[in-house]
Amino acid sequence: MKKSDLDGMTLTITGGTGSFGKTMVSHALEQSVREIRIVSRDEEKQDSLRKNISDERVKYFVCDVREAEDVKRVIDGSDLVFHAAALKQVPTGEFFPMQVVKTNVVGSNNVISAAIACEVPRLICLSTDKAVQPINAMGMSKAIMEKIATSYAREGQSKNTNISVTRYGNVICSRGSVIPRFIEQLASNTPMTITDSEMTRFLMSLQDAISLVLFAFKNAEPGDILVQKAPGARVIDLALAVGKIMGVSDPKISIIGKRHGEKLDETLLTEDERRQSSEIDEFFRVPIDQRSMNYEPYFTEGLEKEDLFTPFTSENTYRLSVEEIVELLMRNAEMKSILKGHKK
């Protein structure tokens with residue numbers, strides 16, 4: 001990604017006061033962007049961001065993605081939209097699934113429809129590993145968001161807007177990350193709570209997240225799903241790594257059992273997606289399925305026999321050791337910020 005790629009552009013970031021949004025703003029301001037529109041319904045977070053980022057190119061809009069007309073007014077005139085607004089807490093979604101649907105499904109449809117109506121050249125929708133073979137409301141809502149995005153992206157439906165999707169694993173120190181809780185538990189000398197000793201998760205930094213959307217901006221064809229070849233780790237090893245950073249060699253750990261809607265392992269690509277995908281450097285690209293609703297050719301001619309592929313999961317990806325997790329965490333600016341005042 002050259003620094004000139006965003007020059008002169010107007011960027012809109014829904015959910016712009018979240019972890020991804022704040023990091024993306026910092027990156028974009030290093031370039032000659034014309035304007036960055038921060039869209040969120042949390043005026044307190046907007047005020048906090050405004051105090052930390054003093055740049056007249058950043059504009060703030062109190063707007064809920066559930067409101068279609070408001071979304072359209074904010075997006076109009078954008079060159080590039082990153083759709084990051086979502087309800088992300090898995091257990092909360094299990095108790096309030098309709099709220100998740102209203103934001104993650106209806107709200108996403110509003111953003112996608114507005115981008116098409118306003119002829120925004122590029123729209124990148126941020127998804128999650130929990131959308132793959134989902135078992136919880138949040139993951140199901142994100143899976144539907146992906147289907148909406150790819151349905152519009154099929155030839156003739158998205159007009160002049162290139163719509164793509166990026167999928168993420170767990171982003172270190174983002175909202176809802178377990179790492180700040182581990183640090184608080186260690187600082188207060190209470191046991192670190194782990195749901196299952198064999199649970200694994202993908203681990204990505206916020207810079208990895210930025211790299212993925214910039215790769216999509218540069219390379220995605222309409223309807224593509226882009227995935228980074230992220231490493232994985234056992235959650236218990238993540239806890240041990242945090243303990244090591246905090247100077248606790250043998251931390252107390254309590255196994256409390258899986259929470260509502262949790263998987264033992266996460267998946268970024270299914271077997272079918274892995275079969276269709278191509279690999280570009282450290283990324284997977286899954287192209288859109290361009291078959292029409294006329295299935296007659298497939299009944300009469302059939303498909304060639306396909307090789308078997310394994311899904312890409314947090315269990316079978318490269319597994320980080322405790323030492324490697326420590327190294328990854330300590331390269332993370334957010335981690336260093338959280339550690340201030342806590343390290344023993």
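Residue 284 falls short of the stated requirement of being under 16 Å from the mean Cα position of the chain (by Cα), buried (at least 18 other Cβ atoms within 10 Å of the Cβ) and closer than 21 Å to residue 19 by Cα.
Taken over the range 61-73, the criterion of being surrounded by fewer than 23 Cβ atoms within 10 Å (Cβ to Cβ) and either among the β-branched types (Val, Ile, Thr) or in contact (Cβ under 8 Å) with a residue 12 or more places away in the chain (or both) is satisfied by 61, 62, 63, 64, 66, 67, 68, 72. In the set (1) in a loop (DSSP other than H, G, I, E, B); (2) within 27 Å of residue 194 (Cβ to Cβ); (3) among the aliphatic types (A, V, I, L, M), residue 288 fails one condition alone, (2). Looking across 57, 41, one residue alone is surrounded by fewer than 17 Cβ atoms within 10 Å (Cβ to Cβ) and either of a type in the set (Lys, Arg) or at pLDDT below 95 (or both). It is 57. The set of residues from the range 29-48 being hydrophobic (A, V, I, L, M, F, W, C) and under 18 Å from the mean Cα position of the chain (by Cα) comprises 38, 39.
Pairing residues of the range 25-42 that are more than 11 Å from residue 80 (Cβ to Cβ) with residues that are aromatic (Phe, Trp, Tyr) and assigned to a strand (DSSP E or B), at Cβ distances under 9 Å and at least 6 apart in sequence or on separate chains, gives 38/60; 38/61; 39/60; 39/61; 40/60; 40/61. The sole residue among 14, 10 that is closer than 19 Å to residue 162 by Cα, in contact with a His (Cβ under 9 Å, 6 or more places away or on another chain) and modelled with pLDDT of 95 or more is 14.
Yes or no, residue by residue, for (1) farther than 18 Å from residue 118 by Cα; (2) touching an Asp or Glu at 6+ places or on another chain (Cβ under 7 Å); (3) in a helix (DSSP H, G or I):
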site: 13; (1), (2), (3): no, no, no
site: 23; (1), (2), (3): yes, no, yes
site: 27; (1), (2), (3): yes, no, yes
site: 32; (1), (2), (3): yes, yes, no
site: 39; (1), (2), (3): no, no, no
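Look through the range 182-220, keep the residues that are within 10 Å of residue 235 (Cβ to Cβ) and touching a Lys or Arg at 6+ places or on another chain (Cβ under 6 Å), and return whichever of them is surrounded by the most Cβ atoms within 10 Å (Cβ to Cβ). Top of the filtered list is 200.
The values are calculated or read from the model by the stated rules, or taken from the named source; none is laboratory data. Small disclaimer: the values here were computed from a predicted structure and weren't measured. Virtual Cβ from ideal backbone geometry, glycine too; neighbours counted across all protein chains shown.
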